[in-house]
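All remarks here apply to the structure that follows.
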Amino acid sequence: MEQDLDGLLLSHLFDSIPDACVVLDERYFIVKMNSKAEQIFLYPREYMMSKVIWEITPQYINTKLFHAMAKVRNDGKEMKFEFCGGTSNRWFGATLCMMGNCLVLFFNDITHIKHTQNELLRAEERFSAVFRNSHALMSIISLENKQHISVNNSYANFFGYTSNEIIGKTKEDVFLTADSMPAETQIQHQSGKNTLSGVITVKTRSNEYKSIIVSSEPININGKPCQLEIGIDMTDKLRYQKELIKLEHLNILGQMSASIAHEIRNPLQTVKGFLQFLQSKEGVLPYQDYFKLMIDELNRANQIITEFLSLSRTKPTDLQLCDINDILKSVLPLIQAQAIEEDKLIEVELKSGTKTMLDVDEIKQVILNLVKNGLEATLPKGRVKLITEDDHRSVKLIVCDHGKGIPIELQENIGMPFFTTKKDGTGLGLSMSLSILERHKANLRFVSNEEGTTFYIDFPIN
């Protein structure tokens with residue numbers, strides 16, 4: 001009676017095993033199986049008992065399961081593996097072991113786990129494809145040593161490196177922000193949360209300053225804390241915003257200049273006329289210096305108004321087919337006279353002979369403005385050089401001085417109305433020149449360092 005109770009208890013425990021379990025004798029006959037195995041095989045237990053397992057599942061002959069059983073029976077070592085159902089897409093996790101002369105097979109349905117793994121694998125593949133091919137600057141950084149684990153081509157190209165040159169280095173090894181503060185510190189300063197974001201200006205390998213907006217998320221890779229950073233190059237957008245601000249300034253300036261011309265110019269002319277009339281009276285001869293100072297200041301005010309009006313000019317440009325060398329030669333005596341007066345030298349190198357469409361008077365004004373700025377920046381005994389050349393696509397005018405150069409922090413403001421570094425400047429000369437060049441569809445750029453400043457103007461050849 002006690003033995004029957006023990007057998008019943010063992011049978012109940014065997015049936016309660018959560019995995020499917022099948023016990024096979026030396027000839028692979030099924031000698032015992034639990035209810036979970038019965039559910040998976042879809043045959044009654046009574047039907048399968050005392051039958052060879054391959055008679056019930058012939059689809060597994062010469063498969064991974066078949067050879068695994070033979071191996072475990074031969075060497076007696078436990079084996080764990082996975083196999084796919086022979087007539088279905090179900091996956092099973094299996095464990096084979098020997099118990100005496102019997103081979104015991106434990107297995108359970110892991111189809112949902114395999115599907116989850118496959119989905120994760122596909123998700124990783126999609127992320128990898130997005131990471132590699134994205135135009136955004138993407139990097140993965142270890143939070144343990146702050147080194148780059150992976151970067152995409154956009155990130156590497158942006159900073160002027162290859163991916164292999166960056167991996168294993170910290171951000172501080174790759175780039176510095178504009179004020180030499182580590183980028184992470186700047187971003188965290190703007191947002192103290194786990195998700196970080198902010199706009200930073202960085203210095204690339206080619207010493208260019210570029211602006212990027214960066215966001216980052218903490219992620220986990222192989223059990224290690226990391227940070228995914230995504231950056232968008234904002235350099236062009238910020239430059240366009242500055243250009244729009246300049247255009248808005250020009251628009252306001254045009255409205256101002258049009259309104260003040262009639263309101264101020266006529267009264268100034270009246271005051272100047274009376275001063276000149278009174279200047280000739282005998283009683284005021286001791287005060288000639290004062291009269292001269294007042295008239296000079298009125299002339300200066302009149303010049304500022306004239307420059308205002310030039311900026312707001314709306315009349316069509318009088319374009320004619322011209323040789324820029326001829327225009328330069330026509331203003332050369334005036335330029336040289338000014339240079340001699342200031343004990344400076346003008347050098348001219350005329351290479352271009354190609355004609356293009358120009359407004360002679362306006363281009364004269366541009367040349368005089370640029371040379372005047374160059375002379376003011378150049379010390380006595382120094383020189384300003386003017387060069388013309390062409391490359392069959394454009395006619396180039398180059399004005400080069402040997403002054404102290406324009407500080408980097410001020411260069412982005414060059415050409416903005418009212419901006420000037422000169423004590424008595426109006427900040428309108430270069431703005432007026434840019435307005436003229438825009439009407440000519442010409443391009444102006446400059447390079448400045450401690451050895452001087454060079455302005456390049458490209459006039460399209462029509």
| request: With a 1.4 Å probe and every protein chain left in place, work out the accessible area per residue of region 78-162 in Å², rounded to a whole number. | output: 56 Å²
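Restricting everything to alpha-carbon atoms, can you work out Rg to Rh for region 46-152 with a Kirkwood hydrodynamic radius?
1.23
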| request: With a Förster radius of 56 Å, plug the Cβ-Cβ distance of Glu263 and Ala123 into 1/(1 + (r/R0)^6) and report the FRET value to the nearest 0.05. | output: 0.20
| request: Considering only DSSP beta bridges where both residues belong to the chain, give the percentage that are antiparallel (nearest 5). | output: 95 percent
| remark: Protection proxy (average C-beta count within 10 Å per residue), highest first, orders 432-440, 333-341, 65-73 as 432-440, 65-73, 333-341
| request: Given the peptides 34-42, 399-407, 50-58, 281-289, arrange them by the average over their residues of other C-beta atoms within 10 Å, most packed first. | output: 399-407, 34-42, 50-58, 281-289
| query | In degrees, nearest 10, range 0 to 90: what is the angle between the Cα axis of helix 111-133 and the longest Cα principal axis of the chain? | reply | 20 degrees
| query | Which FRET efficiency value, to the nearest 0.05, do you get for Glu409 and Arg383 by plugging their Cβ-Cβ distance into 1/(1 + (r/R0)^6) with R0 = 25 Å? | reply | 0.40
| said: What number comes out for accessible area per residue over region 20-65 if the probe is 1.4 Å? Units Å², please. | reply: 55 Å²
| request: Name the aspartates and glutamates eligible as straight-distance cross-link partners of Lys203: C-alpha to C-alpha under 19 Å, and not fewer than 8 places from it in the same chain. | output: Glu165, Glu172, Asp173, Asp179, Glu184, Glu229, Asp233, Asp236, Glu409, Glu412
| message | Multiplying the sequence separation of Lys224 and Lys64 by 0.36 nm and subtracting their Cα-Cα distance, what value in nm do you get? | response | 54.1 nm
| remark: Of the accessible area of region 27-78, computed with a 1.4 Å probe and all protein chains kept, carbon and sulfur make up a percent value of 54 percent
| Residues of type lysines that Lys381 reaches as a straight line, Cα spacing below 28 Å, ignoring anything fewer than 8 places off in the same chain | Lys329, Lys344, Lys351, Lys364, Lys372, Lys396, Lys404, Lys422, Lys423
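Please report the carbon-and-sulfur percent of the accessible area for region 351-404; probe 1.4 Å, protein heavy atoms only, DNA, RNA and ligands left out. Please report the intermediate quantities before stating the final value.
Values: 1270 of 2490 Å².
Roughly 51 percent, rounded to a whole number.
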| query | Gain in length, Gln147 to Thr116, computed as 0.36 nm per residue apart minus the alpha-carbon separation, to one decimal in nm? | reply | 8.1 nm
| said: Cut-off under 30 Å on the C-alpha distance; same-chain residues fewer than 8 positions from Lys64 excluded. Which lysines are left, in chain and number order? | reply: Lys32, Lys36, Lys51, Lys77, Lys80, Lys114
| So, with a 1.4 angstrom probe, what is the percent of accessible area on region 201-293 that is carbon and sulfur? | 58 percent
| Over region 1-136, what is the mean sequence separation of C-alpha contacts under 8 Å (at least six apart), divided by residue count, expressed as relative contact order in percent? | 19 percent
| remark: Computed, not fitted: 222 nm per-residue ellipticity of the chain from DSSP H runs ≥ 4 (each -39500 (n - 2.57)), nearest 500, equal to -14000 deg cm²/dmol
| note | If each K or R counts +1 and each D or E counts -1, the residues other than Ile335 whose Cβ falls under 15 Å of its Cβ total -2
| Among Thr95, Pro44, Tyr28 the positive-end extreme of the charge dipole of region 23-105 (Cβ point charges) | Thr95
| Given a Förster distance of 35 angstrom, what is the FRET efficiency for Lys292 paired with Lys329, based on the Cβ-Cβ distance and rounded to 0.05? | 0.50
| remark: Here the alpha-carbon Rg of the chain over 2.2 N^0.38 Å rounds to 1.88
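The values are calculated or read from the model by the stated rules, or taken from the named source; none is laboratory data. Please read all numbers here as calculations on a predicted model, not as lab measurements. For neighbour counting, all protein chains shown are included, and Cβ atoms are generated from backbone atoms with ideal geometry for every residue, glycine included. Accessible surface areas use protein heavy atoms only, side chains included; no ligands, DNA or RNA. Shrake-Rupley method; radii C 1.70, N 1.55, O 1.52, S 1.80 Å.
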